[in-house]
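Structure first, commentary second.
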Amino acid sequence: QVQLVESGGGLVQAGDSLRVSCAASRRTFSNWAMGWFRQAPGKDREFVAAISRGGSTYYADSAKGRFTISRDNAKNTVYLQMNSLKPEDTAVYYCAAAPRAGISTSKGSYDYWGQGTQVTVSS
């Protein structure tokens, strides 16, 4: 069993920055691809960013140029740095893990999910 615990969410103003983190319970973290998804009220959970085992990254169009995903394998942690936040970024942010090397934007490709952390951006 793998546990993922997100942290770092909060209430910020439009234009601010925020970093959310996701700590994994397994030492095999370095072998996994990791992803960030988000879900706003009344909407489906959507892909935000992903990072491969080797450190390659991929972003949703809404995140390109503003968000950065990174990982620290020594700490079993993946991060999502969010800059220039907008009210439409308001959502619960979830991290997800897939026991493979490559990136996927599909929710179904990820085996493990965290409980989510709320990010609220006021205008």
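Exactly one condition in (1) open to solvent by 70 Å² or more (accessible area, probe 1.4 Å); (2) under 28 Å from Ser122 (Cα atoms); (3) assigned to a loop (DSSP other than H, G, I, E, B); (4) touching a residue at least 40 places away in the same chain (Cβ under 8 Å) is false for Ser84; which is it?
(1)
Determine whether Asp61 is closer than 19 Å to Glu6 by Cα, open to solvent by 20 Å² or more (accessible area, probe 1.4 Å) and without any contact (Cβ under 8 Å) to a residue 60 or more places away in the chain.
On the way: closer than 19 Å to Glu6 by Cα: no; open to solvent by 20 Å² or more (accessible area, probe 1.4 Å): yes; without any contact (Cβ under 8 Å) to a residue 60 or more places away in the chain: yes.
It is false that Asp61 is closer than 19 Å to Glu6 by Cα, open to solvent by 20 Å² or more (accessible area, probe 1.4 Å) and without any contact (Cβ under 8 Å) to a residue 60 or more places away in the chain.
When you scan region 12-38, how many residues do you find that are under 20 Å from Gly108 (Cα atoms) and in contact with a Phe, Trp or Tyr (Cβ under 7 Å, 6 or more places away or on another chain)? Spell out how you get there, then give the answer.
Applying the first criterion (under 20 Å from Gly108 (Cα atoms)) to region 12-38 yields 22, 24, 29, 31-38.
Filter again for in contact with a Phe, Trp or Tyr (Cβ under 7 Å, 6 or more places away or on another chain), leaving 35-38.
So the count comes out to 4.
Only one residue in Arg27, Arg38, Arg45 is of a type in the set (D, E, K, R), at negative phi and out of contact with any strand residue (DSSP E or B) (no Cβ under 9 Å at 6 or more places or on another chain), so which one is that? Before you say what the answer is, go through the steps one by one.
Numbers: Arg38 fails: out of contact with any strand residue (DSSP E or B) (no Cβ under 9 Å at 6 or more places or on another chain); Arg45 fails: out of contact with any strand residue (DSSP E or B) (no Cβ under 9 Å at 6 or more places or on another chain).
Only one candidate qualifies: Arg27.
The values are calculated or read from the model by the stated rules, or taken from the named source; none is laboratory data. Computed from a predicted model, the values in this text were never measured in an experiment. Here Cβ is always computed from backbone atoms with ideal geometry, including for glycine, and neighbour counts include all displayed protein chains. Heavy atoms of the whole protein, side chains included, go into the accessibility calculation; ligands, DNA and RNA do not. Shrake-Rupley method; radii C 1.70, N 1.55, O 1.52, S 1.80 Å.
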